[in-house]
Amino acid sequence: MIIRSIKLADFLSHKSTDIDLCDGVNALVGPNGAGKSSIIEALYITLFPSTHTGIRGGKKELLPYRGSKRSQVSVVFEVSERRFKAVRYLNVGLSDEVRLYELTNGEGRLRAAGFESVRSEVAELLGVRSSEAVGDLVKNTIISLQGELTRILELSPSERREEVLKLLGLDYLVNSLEVVKSVCSKKQAVLASERMDREQRIQRLKEEGERLRAEALKLQKDYGEKQRELSDLKGVVEELELKRIRLNEAINLVDLIEQALVHRRLEELEGELNYLSQLSEWDPLKLKDLIDKARVLEEEIDECRKRERLYLSNASKELGVSINSLEELSNAAKAVALSLESVVRSMARVESLIELYEVYLNKIGETMTCPICSSAINDPAAIRSRLASEIIALKSELEKLKAEEAGLLSKQNCLTNALNELRALVNYGETASKILGKYVEELRKAGEEALNLCRKLNVDSSDLSNCCKLLEELKNELARVKAEYDSLKSEAGLREPPQSPLNELVAKLAHYLRDLGVSVDASLALINRQWAAETRSKLMSALRAIEEELRRNNSKLSDLSAKLGEVKGMLEKVKARISEVDDELSKLGRELDELRVKEKVVSILLSFSNKYLGKSGELAKALTTEARRTLEEFTNDILKHFRLGVSSIRISEDFNISYVIDGEELPIKNASGGEKVGIAIALRLALAEMLMEKAPTTIILDEPTIYLDDENKEKLFKVLKEVANNLRQVVVVTHDEKVMDIADRVFLVENEGGVSYVRSL
């Protein structure tokens, strides 16, 4: 794997960082806290994703840049000349997203999405068999996070052995004996329990089989009895059904008889209608109406005459003379009008004289001359006195004339009202008399019509009143007959009369009634619609009784059929269960034989495991020895190229590590810091080659010089140079700027105001 580029957006202190790496040594240099390690952590969680990030305490909410809810990391890498791009989105409060693309000619094709899929694809590209363990494997081989580079050398031999065997997948084999013992012990217990269970179940099934066979015999007997009972009940139901059919046929015969009666009655009614149809145009109300109208008019004319006489009498009293006619009343009114006119003229004359005399009287008082002729007046006082007397006399005369006028006006009003009322009464009386004459003529004609109709219908016509009464009764009879005819016609509908005569229908019904045991007198003389209704009622009652009995028996039949079905079902279930018991007994017998064989096999397996498995087992010893030998061999091959001064290392059977320098074998604790770093890098590369089935091409080291003095740092940088000569790519994260002397590309990482910036030097 070769890392080509890393891009960070809103990740930890990196707002926007873009780094392109080259073949050879890539150095990320900067002071502590600048954000260097964040770049390697971002690369690690993107290429080997899991729900637990494995960095910063596993707290995902700490990874996005402050205030941001989403981070993005993009890593482009190469494997076997193929280029890939892994992208991870970290979302606060939501699920993360991760995708893997294969890049061809600048175009990306999605290879995987999701933690498991991406991790599996990357593991396959690196040649790692287990995708679950790929993250731990890489942290112990090609990617060294801060402070973990020499961890494998600092472990105790037993811890180192467990760590190496775990990475190689051999820890399971070392622990296999205990596992096998536990499994075999559990399996023996399970097999013994299962064997006892099979034996007990076989015994229970044998007992159940005997009980089921006894129950089957009992059910078979019960089934036969219920079948016989069901057959008898079906016979009863069939008889009742036949009787129900006969009753329905009898009811149909009653319907036919009633239909025949209806048609016979219709024929009778048609004769009556033909006889009474002469009355269809005669309206008894017309004659009554004419009589009533004439009587009312006569009464009104009489009343009018009385009122005429009353008005004439009142007028006579008012005038004090006898007035006996409208003409006399009219003349009297004219005379009063003339008198009133004369009085009005006299009143005007008197009023004029009074006005004139009053003028004279006033003028004479002012001058001594006559106001008319202008002649001298010798005695004005005498003249004024005479004028005053004349005025008084004229005013007295005027009062009399006004009183006379009031009396004449009262008479005139009375006469005018009486005259108007009398004229109206006379006019109404004349009009009413003419109308009464017409009514009398119409009454004469209507009476003759009624008498002629009575003669046609052969009823008493000697008296008009009696004739009209008889005609009205016949008219009512016509309405009743027509109503009955229409009702029967509607009832008969469009059906034709029965083809069989009435006597044949009655005889056939009598035969049915005898067979059914229904007591009804079917004598032809008694046959009418009431008889048909009563007979139908009896037959319907009998039918309801039969249907109720039929319903009860059908219910019994249904219940019995259900019970028979239940017994049959139970019998079939019992037989099926007997078959199942027999099959299960056969199966359990075979299983019991197999379990006994398995118990023997487990016993043999336990003996085999005790010999070959476990820490002291032959197989575990052989595999552990081979793993130790291979790791030692691969590590020494790598150390040859480092020019570290260390010629080789040795790994004992208990995984204690020693190193050989200048021909002397020394414990690893005696090694200097630089030597330990070189040996640790060699061990990591050796493990990577063993686990990835191919030689590694990249190693990433985060702060490898930590805790080293200047001398050992010089040695480390020389080792890194040698590593770069043997690997395609080395990525070093360090605060030590001396790494720039060996680096092919240097990136300066700085933090300004809490934001990390990376620039290439």
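The values are calculated or read from the model by the stated rules, or taken from the named source; none is laboratory data. The model shown is predicted, which means the values in this text are computed figures rather than measured ones. Cβ coordinates were reconstructed from backbone atoms using ideal geometry, including for glycine residues, and neighbour counts include every protein chain displayed.
Here are the numbers for the structure shown:
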item: Test: residue in segment 448-459 that is assigned to a helix (DSSP H, G or I) and β-branched (Val, Ile, Thr); result: no
item: Pairs, first part of a helix (DSSP H, G or I) in segment 239-260, second acidic (Asp, Glu), C-beta under 8 Å, six or more apart; result: 240/549; 244/547; 246/515
item: Tally of residues being modelled with pLDDT under 80, in contact with a helix residue (DSSP H, G or I) (Cβ under 9 Å, 6 or more places away or on another chain) and assigned by TED's automatic domain parsing to the domain that holds residue 700 across segment 142-193; result: 1
item: Segment 104-145, residues that are under 17 Å from residue 82 (Cα atoms) and not in a helix (DSSP H, G or I); result: 104, 105, 106, 107, 108, 109, 110, 111, 112, 127
item: Residue in segment 4-24 that is at pLDDT 90 or above, within 24 Å of residue 701 (Cβ to Cβ), assigned to a helix (DSSP H, G or I) and over 47 Å from the mean Cα position of the chain (by Cα) present; result: no
item: Subset of segment 20-39 that is crowded, with 23+ Cβ neighbours inside 10 Å and either in contact with a Pro (Cβ under 8 Å, 6 or more places away or on another chain) or among the β-branched types (Val, Ile, Thr) (or both) - its residue that is nearest to residue 101 (Cα to Cα); result: 39
item: Exclusive hit being free of Cβ contacts under 8 Å to residues at least 24 places away in the same chain and either assigned to a loop (DSSP other than H, G, I, E, B) or farther than 25 Å from residue 694 by Cβ (or both), set 95, 68; result: 95
item: Hits in segment 696-731 (condition: more than 13 Å from residue 684 (Cβ to Cβ), part of a loop (DSSP other than H, G, I, E, B) and not hydroxyl-bearing (Ser, Thr, Tyr)); result: 703, 706, 708, 709, 728
item: Total residues in segment 633-646, condition small (Gly, Ala, Ser) and modelled with pLDDT of 85 or more; result: 0
item: Residues being surrounded by 16 or more Cβ atoms within 10 Å (Cβ to Cβ), of a type outside the set (Ser, Thr, Tyr) and in contact (Cβ under 8 Å) with a residue 12 or more places away in the chain - total across segment 519-537; result: 5
item: Residue in segment 589-604 that is more than 30 Å from residue 212 (Cβ to Cβ), modelled with pLDDT under 90 and in contact with a Phe, Trp or Tyr (Cβ under 9 Å, 6 or more places away or on another chain) present; result: no
item: In segment 323-346, the residues that are free of Cβ contacts under 8 Å to residues at least 40 places away in the same chain and either farther than 20 Å from residue 407 by Cβ or among the aromatic types (Phe, Trp, Tyr) (or both); result: 324, 325, 327, 328
item: Matching entry among 457, 471, 478, 451 (being more than 25 Å from residue 269 (Cβ to Cβ) and either surrounded by 12 or more Cβ atoms within 10 Å (Cβ to Cβ) or at pLDDT 75 or above (or both)); result: 451
item: Residue match in segment 133-141 (condition: loosely packed, with under 15 Cβ neighbours inside 10 Å and either among the polar types (S, T, N, Q) or at pLDDT 85 or above (or both)); result: no
item: Yes/no for residue 465 being at pLDDT below 80, outside the structural domain of residue 302 (by TED's automatic domain parsing) and not in a helix (DSSP H, G or I); result: no
item: Residue in segment 746-753 that is farther than 18 Å from residue 152 by Cβ and touching a helix residue (DSSP H, G or I) at 6+ places or on another chain (Cβ under 6 Å) present; result: yes
item: Residues of segment 198-215 satisfying the condition of being touching a residue at least 60 places away in the same chain (Cβ under 8 Å) and over 17 Å from residue 584 (Cβ atoms); result: 215
item: Residues of segment 434-469 that turn out to be under 19 Å from residue 279 (Cβ atoms) and not β-branched (Val, Ile, Thr), as a count; result: 23
item: Test: residue in segment 416-436 that is modelled with pLDDT under 80, assigned to a helix (DSSP H, G or I), over 30 Å from residue 317 (Cβ atoms) and not basic (Lys, Arg); result: yes
